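Novice: The structure that follows is given in the form of structure tokens.
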Amino acid sequence: AVASTVAVFTNLSVDDQLAVLWYAYTEMGRSITPAATGAARLQLAEGLLNQIKQMTHEEQLQVMRDLAAKKNTQFCRSYGILSANTKLAFWYELSELMVKGFVVPMPSNYQLSRDGVQVLETLKELDFGQQITVLRKVVTDMGVDPLAD
Ligand code: 45D
């Protein structure tokens with residue numbers, strides 16, 4: 001179930017990928033404690049998060065779309081060197097910044113595709129450990145590994 005969920009997620013449009021991550025966060029948010037994400041991990045992502053905080057909403061959205069689309073930008077390469085759990089912590093913190101109003105909000109009228117709804121439904125049926133495995137995999141695939149050729 002984990003592998004097929006990841007596969008369907010990966011085939012979603014970039015916007016649907018961002019939307020599904022957001023909905024997953026709103027469903028799971030309360031079970032992910034900030035302590036679990038680890039202050040040390042966030043320090044490694046802090047430079048990127050600070051850059052995002054200084055951007056306009058449009059630029060913030062562009063950066064997130066670039067990550068999902070694996071565009072070869074400086075930002076995507078910096079993201080690419082983070083560990084898998086630091087990438088998760090980065091996305092978690094982004095969601096928190098959205099909630100606090102520092103990052104572009106999710107449009108309330110966003111229409112998720114059928115596949116997007118399906119990924120979300122499957123994700124909800126997985127246990128917490130499997131949900132984390134799926135999320136870790138999809139955020140690890142984002143960005144660009146600067147050492148890969
Ligand atoms: O205009 O270190 C659209 C543990 C449409 C422990 C949009 C852990 C167009 C160890 C694109 C939709 C394993 C528990 C706009 C860590 C449009 C450890 C915008 C786990 C505006 C870290 C969309 C942590 C946007 C976990 C802005 C499980 C979407 C963390 C933004 C999970 C979506 C984190 C965002 C999750 C989603 C974060 C920011 C699920 C973030 C999700």
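The values are calculated or read from the model by the stated rules, or taken from the named source; none is laboratory data. Keep in mind that this is a model prediction, so the values were computed, not measured. Backbone-built Cβ (ideal geometry, glycine too); neighbour counts: all protein chains shown. Ligands, DNA and RNA are excluded from the accessible area calculation, which covers all protein heavy atoms including side chains. Shrake-Rupley method; radii C 1.70, N 1.55, O 1.52, S 1.80 Å.
Novice: Accessible area per residue of the chain at 1.4 Å probe, in Å²?
Specialist: 55 Å²
Novice: Right, next: Can you pick out the pairs among K53/K124; K87/K124; K53/K87; K71/K124 whose Cα atoms lie more than 25 Å from each other?
Specialist: Over 25 Å Cα-Cα: K53/K124; K71/K124.
Novice: Here is a further query. Please list, in order along region 40-51, the HN-Hα scalar couplings obtained from phi with the Karplus expression 6.51 cos²θ - 1.76 cosθ + 1.60 (θ = phi - 60°), rounded to whole Hz, x for Gly and Pro.
Specialist: Once θ is set to phi - 60°, the couplings for region 40-51 become 4, 4, 5, 4, 5, 9, 4, x, 5, 5, 5, 4 Hz.
Novice: Could you give the length gained on full extension between L97 and N109, defined as 0.36 nm per residue of separation minus the Cα-Cα distance, in nm?
Specialist: So the chain would gain 2.3 nm between L97 and N109.
Novice: Just want the answer: with Cβ charges of +1 for Lys and Arg and -1 for Asp and Glu, which residue in T73, L44, N11 is farthest toward the dipole's positive end in the chain?
Specialist: So the residue we want is L44.
Novice: For region 21-97 and region 116-149, what is the separation of their C-alpha centers, rounded to whole Å?
Specialist: Taking the Cα centre of region 116-149 as reference, the centre of region 21-97 is 14 Å away.
Novice: Per DSSP H run of at least 4 residues, take -39500 (n - 2.57); add these up for the chain, divide by its residues and hand me the 222 nm value, nearest 500 deg cm²/dmol.
Specialist: Theoretical 222 nm ellipticity from helices: -21500 deg cm²/dmol.
Novice: Something else: With θ set to phi - 60°, apply the Karplus curve 6.51 cos²θ - 1.76 cosθ + 1.60 along region 72-83 and write out the HN-Hα couplings as whole Hz, x wherever there is a Gly or Pro.
Specialist: 7, 10, 4, 4, 5, 6, 5, 4, x, 8, 6, 6
Novice: Follow-up. So if I place +1 on the C-beta of Lys and Arg and -1 on the C-beta of Asp and Glu, and nothing else carries charge, what would the dipole magnitude of the chain be about its Cα centre? I want it in debye, nearest 20.
Specialist: The calculation lands at about 220 debye.
Novice: Follow-up. Any idea which of L147, A89, P107 is furthest toward the positive side of the dipole for region 81-149, if Lys and Arg beta-carbons carry +1 and Asp and Glu beta-carbons -1?
Specialist: P107
Novice: If packing is taken as the mean number of other Cβ atoms within 10 Å per residue, what is the order of 45-53, 11-19, 89-97, highest first?
Specialist: Peptide ranking by packing, descending: 89-97, 11-19, 45-53.
Novice: Report in % the part of the accessible area of region 1-148 that belongs to carbon and sulfur, leaving out ligands and nucleic acids; probe 1.4 Å.
Specialist: Carbon with sulfur: 54 percent of the solvent-accessible area.
Novice: Can I ask one more? Normalised by the number of residues in the chain, what is the relative contact order in percent for Cα pairs under 8 Å and 6+ residues apart?
Specialist: Worked out over the chain, it gives 43 percent.
Novice: If you don't mind, there's one more thing I want to ask. Subtract the Cα-Cα distance of T26 and Q51 from 0.36 nm times their separation in residues, and report this length gain in nm to one decimal.
Specialist: 6.6 nm
Novice: Multiply the residue separation of Q62 and S83 by 0.36 nm, subtract the distance between their alpha-carbon atoms, and state the gained length in nm to one decimal.
Specialist: Full extension from Q62 to S83 adds 5.3 nm.
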